[in-house]
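Report on one structure; see the data block that follows.
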Amino acid sequence: MKIQKAVITAGARWQRTLPLQSLIDRDGQERTVLRILLDEVRRAGIDEIAVVIPAGDEAEFARAAGDRNVKFIEQREPAGYAHAIHCARAFTAGQPFLHLVGDHLYAGGNGVSPTERVVEIAEAEGCTVSAVQATRETLLSHYGAIGGQRVTGKPDLYRVTKVLEKPTPTEAEQELPISGLRAGHYLCFFGMHVLTPSVMEILERGLAEPGEKITLSAALSELAAREQYLAVEQTARRYDIGAKYGLFYAQLALGLNGRDRNALLAQLLELVALHNTETHEIGQGA
Amino acid sequence: MSELVSIITSRDAAVRNRSVDKAAARLETAALLKECAALDRFWRASSNLYERVRALLFLYAIHRFHLPKRELGENSGRVPFKAVTHLLKRRYEEALESLARVEKASGPSAALSSAYAAIYKGLAFKTLADQVRRSVRSVRGNHWMSRIGHPDDYPLAIRPELLARASESDPFPILKESTPVRMDLTHSGWSDIFFLGMDYPEGARVLNVSIDLAVRDGASAKPQPPIEAYLRVIDEPVLRLTSVDLGATTDITTFAEVFDFARDYLGLLKAALIASGIVPPAMEGAMQPLRTLLEKLAGPGRGIELASIVRNIPKGSRLAVSTNLLASMIAVCMRATRQTQALTGPLAESDRRLVAARAILGEWLGGSGGGWQDSGGVWPGIKLIEGAEAREGDPEFGISRGRLLPAHHVFSREEISHQARERLEASLVLVHGGMAQDVGPILEMVTEKYLLRSPQEWRARQDAIQVLDEVLADLKAGDVRAIGHATERNFFGPIQSIIPWASNLYTERLIERARGEMGAEFWGFWMLGGMAGGGMGFIFDPARKREGQERMAAIMRESKRQLEDAVPFAMEPVVYDFAINEQGTTAELLSGAADLLPPGYYALTVPLLLRTDPKLMPRARRRELDALATASRTTEAYSGMVQSLFDRLLPSSEQKTGMQTQTLEALLNEFGFDPVEHESIRADLQNGRIGLAQNRLPVTTRIEDVRPGDVHAAYTENRALRQIGEQALAAGQVAVVSLAGGAGSRWTRGAGVVKALNPFGRFNGRWRNFIELHLAKSRRASRQSGTVVPHVVTTSYLTHAPIAKWLADTSNAGYQRLVLLSPGRSIGLRLIPTLRDLRFAWEEMTQQTLDEQKEKVRESLRTALMQWAQNAGEASDYTDNLPLQCIHPTGHWYEIPNMLRNGVLRQLLAARPQLRYLMMHNIDTTGVDLDPALLGLHIERNAALTVEVIARQVEDHGGGLARVNGRLRLVEGMALPSEELEWSLSYYNTNTFWIDIDKLLAAFELDRAALADAERVRNAVRKLAARMPSYITLKDVKRRWGKGQEDIFPVTQFEKLFVDMTALPELNCAYALVPRERGQQLKEPAQLDGWLRDGSAEYVNSLADWRE
């Protein structure tokens, strides 16, 4: 199986400006979030890239991408994340594809690109692969989480048996236990998957059904019951730029992993020291 | 290898199920002691929980029932104080060490065995309870709650459906959970006790039915789920808890309050919040404001309201109301926070199991505990609940054979047809008999007997398991008549073979009368839950069910009236209408503008709201009140709202209180209350001149154990003494005085019934009370001596009328002549305790430490009680209860003087001029009788008083025989300058006194002739009374309210005790050592089983003559 396509979702109305934000990257260059993501995808050797965007936002996104080869697909109605992926079905055209969410950035991981790793495994195993990360139970309400078993002989690979969207710790403990993790930790999605055409089929069917709309987690859970589905544990860190201070943390992480690390650290230390002195002085005055 | 150890470890079930009693009985004493040593080594080394527990209970049984009967030298070897202290503090292993040191030095003894027995038993139950607790915590889905201890980590959030409202000024939607209660058609001999299910899963089987109820009170209400729990988000950052049926509501703003269970009546709601994870258990001790958690849960400035209602079911219904209420509240909380799959409707099976596991956790947190079938109301319809073997992956695997949580099989309509279900509904009359019950001791007895595999009980257990199959087959066949036969046979057969105390006179009278009136159309009796007397079922031919309901109501009322003096009742009996609930617990979301909480909630909360400034009320609250106003005009359920609000705002109870005070005054006047003395006691209490601490003798008092020769032991073999006694008996020189003036507060925990009339045991085929037993012994003495023995029963304001009536009704229990009642002449008015005394009792005195969680609950309760004492006024009169519960007898010192004052002694002497001796004893000293040898000793020693003492064992608290500053006398426990001293005294007072009438009169400076002079007698009594110390004591008194609810308050009273007569230098006192079976007293119902098993009951029966 060869992965040649990638789909980035940036469809949600409330986060429409997130991928357009500019950050200073590892090399000290100013780039938009979208641009950073596109470069990440290209590193994995994928050139056919589509970005799912809110209707009417193409001009802005094209400017942020700065790349004529990217295809923009409009999500005409705000019908959720799973629907956004499904909007790219014509683009993926029955082939497996790499999928990234537009509001996550990645840093760290000792130089191994998380995208490359996911694509590498998907190509080798020929199945859907999700990147996951051990996450504290207190953060479960932000992510989809998986349950499953380790693949013997491959320490970072898991055979997925169940996926739950934003589980409570109660559910997670019952349904998603994974051996070998720290207490109270679960494997949560990293915002990065390689999805096979089966996923599109499940989404297609799920979205056509009346009532509550299917989520990607539910589709993946169904997939897990049908065919091999793996998860790869990433050592890099994901940064949800949509969360409180998310953009700021992502910027810090990029900066501290790049060439301006020392300058940034010095600046931070100065800030901390200054803050402490001020507090101290105020404390003495009172 | 040790024989007993191999019984425990055998893989062969036939060997493993062998009884320890049989094996122990065969062994020589030396071999038995060796076995004890082997068992003790074994439990310490074994890693298997149940092997350990079984070894511990074997050790308990050997020390409790076998070794004391061997020749160990019963009278040597004292229990060291250290061991007693360790035992009370639940430091069992240290207690064992300290006993072992004494045993090594002085050899085994009955006293040491008594302490070993208590320690091993305590250790066994602690080990079991610890395991259940560990298992509850290790149920998957519960772990995280013990990890998350900081609000910043808090992972739960309210579902969006509960936050959706039309506008900012509307109330949030209400999530309503409706839950049935459960009844068990059979529990296979209490096999639903966690320990049993975990050890013997194949024997743990219960047929359990979820039911809706309506109390029959004329109006025919439709049965509905009796339990409702409500949850909604509110616009205030508080946890608002309301229990409508208990009439309590509170706003909680700190974590500490959430974990303070006993400060109000909302403990169960708090336990639900914690067990559901809304406030995870690990947050106990978190110092942040609760607001920080609520913000994460429901949003800034918001909080949660949880309300519960139990419709008309009294406490003690044996329908597991509290467990199902807890489960209902946990379910609603878990639904609201997305911990269950379904927001509304019934729960999925996996969620039911989790709710049940959380309910067990909640019960433990609240310091209570039920069986594993109790949350049956969460499941629908009729189900078989069975123990499940622990398999790999279960937290119990390798620790116990069974899992903590059982498996539920809900019967389909194919298995049990619709018609069969209807037939059951058409035949069964469910009732609450009204008896107040404490089922705890029964559950402990069952566990102990089960783990010991006592042969008779083990057989009964197998029978009970068979009854379940039988009932199930009958149910499938729709044969309700056969079910009735089976459940009744179960009650009279296996259940009572395992625990005779599961039945009682009241229940058996009801069954007898039901059969008498309905004949063959009464198909059978059925005990619900742990014991009979509360929730019960009577199965009738459907054609006569209506009549059966009406008749049972009448029969219960009448029987209660006949027995209520003797048996503690918590409430008037009720009859229910019921229907099988086929849904289990279900929820609905009430999100309409007109949707309200139930009327009872507003009756409770609106009066409080009316007192707040409307401007300060959140807008949503105001909108809700508008809706309520509309509903009260338009909706039938809310139409009585205005009336009930008025009733609550202006309670009409003042009139009632006034009436009660008057009755109390009348009572005080009638029974010779001395207001002058009362005021002086109050003043002394307030000034600290008297109190618990002041009961003690000065620390400089020299207190030593007896010396050789102080106590007479070898009288039984002395033929000469026996002859002297026999002659005196034949000559009619002796009378018996049974002390029956007290209420026996430990027997009923302050329920205020007459202990003397309590039908506590079955003798010669019938339940008999204490007086009946003592009269039967006098009858035997009369027959043997050929002379009728006069029998005096002393009474008090509390006991006189009931005892007189009972004697009249039974023609003195067939004891035709010479039964005299000696009514009390002195009462006191109870006082609110002083903080000083409460602290002394709870902080200074050594007392039983409870298990960790119970201890916390007790601490919290005590803080609340101290608050109560302070608010109510220290040392002020205790009047907030039934008048009879506000007054108290003044101690048994007065019993003999009363006989002088009320003319009974004079009357007796007139009828029996030759009368010279009295044998006076406590009502609960069951083994006492007119032993000629003891009488002979008393006569031969020429003693004014001969006191019977027993060799002290670990349970014998409260003073003893001592040399006080060199003089031999009895000393009351309260008077000992330190608690340690008590354990240096070899002998314990039985309170049985042989009295020489003339010598006693002389001590009062009276003689027989002077008894005619009432004034002189009164002065004489007053003069001697002044020489007797008064002890201040704290007693528990029950206050009943609501539907079978009870609160227990400590109250202060004073008493004078007869033991202090032995301190009078002018009285020549002798002391005789008597065997334990003669001298022991039954203070608590929990002692009954041991008393039956160790042969004491048989001994007592051998002293009685039941021929009437």
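The values are calculated or read from the model by the stated rules, or taken from the named source; none is laboratory data. No experiment lies behind these values; they were computed from the predicted model shown. Cβ: placed from backbone, ideal geometry, glycine included. Neighbour counts: every protein chain shown.
Data for the structure
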| item | result |
| --- | --- |
| The listed residue being over 18 Å from the mean Cα position of the chain (by Cα), among the acidic types (Asp, Glu) and within 14 Å of another protein chain (Cβ to nearest Cβ), out of A:Glu222, A:Glu212 | A:Glu212 |
| Some residue of the stretch A:180-193 being among the aromatic types (Phe, Trp, Tyr), under 26 Å from A:Gly126 (Cα atoms), within 14 Å of chain B (Cβ to nearest Cβ) and buried (at least 20 other Cβ atoms within 10 Å of the Cβ) | yes |
| Residue check for B:Gly367: assigned to a loop (DSSP other than H, G, I, E, B), modelled with pLDDT under 85, more than 14 Å from chain A (Cβ to nearest Cβ) and on the phi > 0 side of the Ramachandran plot | yes |
| Restricting the stretch B:156-165 to residues that are assigned to a loop (DSSP other than H, G, I, E, B) and of a type outside the set (Lys, Arg), the residue that is nearest to B:Ile278 (Cα to Cα) | B:Leu156 |
| Single condition B:Met919 does not satisfy, out of (1) buried (at least 23 other Cβ atoms within 10 Å of the Cβ); (2) modelled with pLDDT of 95 or more; (3) farther than 19 Å from B:Asn989 by Cβ | (3) |
| Residue count for the stretch A:9-59, restricted to those that are outside any helix (DSSP H, G or I) and either without any contact (Cβ under 8 Å) to a residue 12 or more places away in the chain or closer than 19 Å to A:Glu77 by Cβ (or both) | 18 |
| Considering residues of the stretch B:136-155 that are aliphatic (A, V, I, L, M) and outside any loop (DSSP other than H, G, I, E, B) only, the residue nearest to the other protein chains (Cβ to nearest Cβ) | B:Met145 |
| Some residue of the stretch B:802-820 being touching a residue at least 12 places away in the same chain (Cβ under 8 Å), surrounded by fewer than 17 Cβ atoms within 10 Å (Cβ to Cβ) and within 30 Å of B:Ser1030 (Cα to Cα) | yes |
| Checking B:Leu175 against (1) in contact with a helix residue (DSSP H, G or I) (Cβ under 8 Å, 6 or more places away or on another chain); (2) outside any strand (DSSP E or B); (3) away from chain A (no Cβ under 12 Å); (4) buried (at least 21 other Cβ atoms within 10 Å of the Cβ), the condition it does not meet | (2) |
| Residue list for the stretch B:1004-1039, restricted to those being small (Gly, Ala, Ser) and in a helix (DSSP H, G or I) | B:Ala1009, B:Ala1010, B:Ala1012, B:Ala1014, B:Ala1020, B:Ala1025, B:Ala1026 |
| One residue from A:Glu171, A:Glu212, A:Glu222, A:Glu201 being part of a loop (DSSP other than H, G, I, E, B), without any contact (Cβ under 8 Å) to a residue 40 or more places away in the chain, among the acidic types (Asp, Glu) and out of contact with any Asp or Glu (no Cβ under 7 Å at 6 or more places or on another chain) | A:Glu212 |
| Pick from the stretch A:153-168, criterion under 16 Å from A:Gln133 (Cα atoms) and within 11 Å of chain B (Cβ to nearest Cβ), ranking: surrounded by the most Cβ atoms within 10 Å (Cβ to Cβ) | A:Pro167 |
| Residue selected from the stretch A:125-148 under the condition part of a strand (DSSP E or B) and either without any contact (Cβ under 8 Å) to a residue 24 or more places away in the chain or within 20 Å of A:Met1 (Cα to Cα) (or both), by the criterion farthest from the other protein chains (Cβ to nearest Cβ) | A:Val129 |
| Flag for B:Ser778 being in the same structural domain as B:Gln907 (by TED's automatic domain parsing) and touching a Gly at 6+ places or on another chain (Cβ under 7 Å) | no |
| Scope the stretch B:316-337; condition closer than 15 Å to B:Ile360 by Cβ and among the polar types (S, T, N, Q); matching residues | B:Ser322, B:Thr323, B:Asn324, B:Ser328 |
| Residue that is modelled with pLDDT under 90 and in contact with a strand residue (DSSP E or B) (Cβ under 7 Å, 6 or more places away or on another chain), where the choices are B:Met445, B:Met435 | B:Met435 |
| Given (1) without any contact (Cβ under 8 Å) to a residue 60 or more places away in the chain; (2) exposed (fewer than 14 other Cβ atoms within 10 Å of the Cβ); (3) over 19 Å from B:Asp170 (Cα atoms), index of the condition B:Thr635 fails | (2) |
| Output for the stretch B:550-579, where each listed residue is more than 25 Å from the chain's Cα centre (by Cα), buried (at least 20 other Cβ atoms within 10 Å of the Cβ) and farther than 18 Å from B:Leu505 by Cα | B:Arg551, B:Tyr576, B:Phe578 |
| The stretch B:338-350 residues that are more than 8 Å from chain A (Cβ to nearest Cβ) and small (Gly, Ala, Ser), paired with ones that are surrounded by 15 or more Cβ atoms within 10 Å (Cβ to Cβ) and in a loop (DSSP other than H, G, I, E, B) (beta carbon under 9 Å, 6 or more apart) | B:Gly345/B:Gln583; B:Ala348/B:Thr340 |
| Scope the stretch B:959-971; condition buried (at least 20 other Cβ atoms within 10 Å of the Cβ) and either over 22 Å from B:Pro1065 (Cβ atoms) or modelled with pLDDT of 90 or more (or both); matching residues | B:Gly960, B:Leu961, B:Ala962, B:Arg969, B:Leu970, B:Val971 |
| Scan of the stretch B:1018-1034 for residues that are over 39 Å from the mean Cα position of the chain (by Cα) and exposed (fewer than 14 other Cβ atoms within 10 Å of the Cβ), ordered by number | B:Lys1023 |
| Matching option when the condition is under 35 Å from the mean Cα position of the chain (by Cα) and in a helix (DSSP H, G or I), among B:Ile724, B:Ile803 | B:Ile803 |
| Residue list for the stretch B:331-356, filter: more than 14 Å from A:Glu171 (Cβ to Cβ), crowded, with 24+ Cβ neighbours inside 10 Å and within 33 Å of the chain's Cα centre (by Cα) | B:Ala331, B:Val332, B:Cys333, B:Ala356 |
| Strands (runs of 3 or more DSSP E) fully within the stretch B:217-289 counting 3 or more residues that are over 30 Å from A:Ala172 (Cβ atoms) | B:248-252 |
| Hits in the stretch B:1031-1049 - residues which are under 19 Å from B:Glu874 (Cα atoms) and of a type in the set (Gly, Ala, Ser) | none |
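Results for (1) farther than 19 Å from B:His86 by Cα; (2) in contact (Cβ under 8 Å) with a residue 60 or more places away in the chain; (3) β-branched (Val, Ile, Thr); (4) touching a helix residue (DSSP H, G or I) at 6+ places or on another chain (Cβ under 9 Å), shown as yes or no for each residue.
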position	(1), (2), (3), (4)
B:Ala105	yes, no, no, no
B:Lys121	no, yes, no, yes
B:Ser138	yes, yes, no, no
B:His150	yes, yes, no, yes
